[in-house]
1. Would you point out the residue of the range 389-432, among those that are more than 22 Å from HIS63 (Cβ to Cβ) and hydroxyl-bearing (Ser, Thr, Tyr), that is nearest to the chain's Cα centre (by Cα)?
2. Quick check: is even one residue across the range 99-106 touching a Lys or Arg at 6+ places or on another chain (Cβ under 9 Å) and assigned to a strand (DSSP E or B)?
3. Given the options LYS35, LYS18, name the one that is of a type in the set (D, E, K, R) and surrounded by fewer than 19 Cβ atoms within 10 Å (Cβ to Cβ).
4. Out of all the residues in the range 61-74, which are surrounded by fewer than 23 Cβ atoms within 10 Å (Cβ to Cβ) and either among the charged types (D, E, K, R) or free of Cβ contacts under 8 Å to residues at least 40 places away in the same chain (or both)?
5. Are any residues in the range 344-375 assigned to a strand (DSSP E or B) and polar (S, T, N, Q), and if so, which ones?
6. Can you tell me how many residues within the range 263-274 are surrounded by fewer than 23 Cβ atoms within 10 Å (Cβ to Cβ) and either touching a residue at least 40 places away in the same chain (Cβ under 8 Å) or closer than 20 Å to CYS320 by Cα (or both)?
7. I'd like to know if the range 294-305 contains one or more residues that are in contact with a Gly (Cβ under 7 Å, 6 or more places away or on another chain) and either among the polar types (S, T, N, Q) or modelled with pLDDT of 95 or more (or both).
Amino acid sequence: MPSCPALFVGASASHQGKTTVTAAIARHHARRGLKVRVFKTGPDFLDPMILERACGSPVYSLHLGMVGLDACRALLAEAAKEADLILIEGVMGLFDGTPSSADLAIAFDVPVLTVIGAHGMAQTFGAIAYGLAHYREGLHFHGVLANRVASARHAQMLSEAIPKGLHYCGHLSSADNIALPERHLGLTQAEEVAGLDTRLDRAADAIAATSLGELPPPVHFEDAALPSPTRSLEGMHIAIARDAAFSFVYPANIDLLNALGATVSTFFPLADEPMPHDADALYLPGGYPELHAAALASNARTRASIAAHVAAKRTVVAECGGMLYLLDTLTDINGTRHTMLGLLPGNAMMQRRLARLAMQRVDTMHGALTGHTFHYSTIDTSMQPLLTASHATTGASGEAWYRHASMTATYMHAYWPSNPAATAALFRGDAL
């Protein structure tokens, strides 16, 4: 049974600073020469970019619904065998969602640190900390950290408000200038944050002054591994668009393509790089095409290579932003209409209001494929759905899956390891 010091970083709500704190702890211990593995709870592409920069290793998702209990157990066991510290960042508030961050922490008995943004409160901080610690039986509560503290006097009041029996781990000050910038889908991508490493080092310096500068106690993880999938994509070359416009990719998805036997390569549409001419399949992931729509509209070599790929009846798999790129036009938030690839009939429109956020599952002839959806655009299309996903917990109608010629497109971001057989069928262009 492998063991490793581990800590689950939760919070009282969203926007309390979980990612900043998790990244600070990771960077602090990585600077000490320790091997740090970080996981993110739930579906997320942006937080893991920051966390990967902080720890130096890819950040995988853990979620009892999307990833599954057995796969979560196997990922943690693998990490425990190689790491000196495991960190898991939660999602939203500690008890929010079904399943919640607390459900995941309890399933593996990982001690929970809760981050509370203390701006605008004093003694109430203690009441919130007490409630988080005692709300759920079976939760291993490590302690509480105060974030965005205004002054030394403020920090003193917060520490004095903590009830006996709860561990106060210290505080981070608003003056530390370590908060991470955000925009409409969450945090800004790591490569776009000016001076990110300097900011992470400042955060690590600040966390070193708290009790979190020391390693948490070890956690024993059950030894587990998942069976290897059938190599049903052996010999297939899959090209993936990877740049600031198409960056929402789960590392586990790429691992699965490799395990299925595929050869994976990347190209950069924003650099007007053509996709590899010998690729059997193309994957266009989500990202921020709306922020780069003018460049995508004018990059002739990339456009021509993808058009030739489709004309040759080779497979295309497109998710969310990747689907928008295939449409006729994309209208940005300022009302400017940009010409896209024109390979799927339809037009996309960005909006300031969230269009949909939900965990999803789609039932295929190979079984259920899980994932999520999160977008600020809508599309107007004549295409009829091949399949329709459903909300993972309520069963309400979810995102459409379209198939047009050799292209399969959807707003749903699928977690492919949840169904390797369906994933293989998707990239072969087989019936779903």
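1. THR408
2. No, because not a single residue in the range 99-106 is touching a Lys or Arg at 6+ places or on another chain (Cβ under 9 Å) and assigned to a strand (DSSP E or B).
3. Result: LYS35 is the single residue among LYS35, LYS18 that is of a type in the set (D, E, K, R) and surrounded by fewer than 19 Cβ atoms within 10 Å (Cβ to Cβ).
4. The answer is LEU69, ASP70, ARG73.
5. Once the filter is applied, which keeps residues that are assigned to a strand (DSSP E or B) and polar (S, T, N, Q), the range 344-375 yields ASN347, GLN360, THR364, THR370, THR373.
6. Summing the residues that are surrounded by fewer than 23 Cβ atoms within 10 Å (Cβ to Cβ) and either touching a residue at least 40 places away in the same chain (Cβ under 8 Å) or closer than 20 Å to CYS320 by Cα (or both) in the range 263-274 gives 4.
7. Within the range 294-305, none of the residues are in contact with a Gly (Cβ under 7 Å, 6 or more places away or on another chain) and either among the polar types (S, T, N, Q) or modelled with pLDDT of 95 or more (or both).
Listed here are the residues, each with its yes/no results for (1) among the aliphatic types (A, V, I, L, M); (2) outside any strand (DSSP E or B); (3) in contact with a helix residue (DSSP H, G or I) (Cβ under 9 Å, 6 or more places away or on another chain).
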{"residue": "ASP205", "(1), (2), (3)": "no, yes, yes"}
{"residue": "GLU222", "(1), (2), (3)": "no, yes, yes"}
{"residue": "GLY235", "(1), (2), (3)": "no, yes, no"}
{"residue": "LEU256", "(1), (2), (3)": "yes, yes, yes"}
{"residue": "HIS277", "(1), (2), (3)": "no, yes, yes"}
{"residue": "ALA308", "(1), (2), (3)": "yes, yes, no"}
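The values are calculated or read from the model by the stated rules, or taken from the named source; none is laboratory data. Being a predicted model, the structure only gives us computed values, none of them experimental. In this analysis, Cβ positions are derived from the backbone assuming ideal geometry, glycine residues included, and neighbour counts consider all displayed protein chains.
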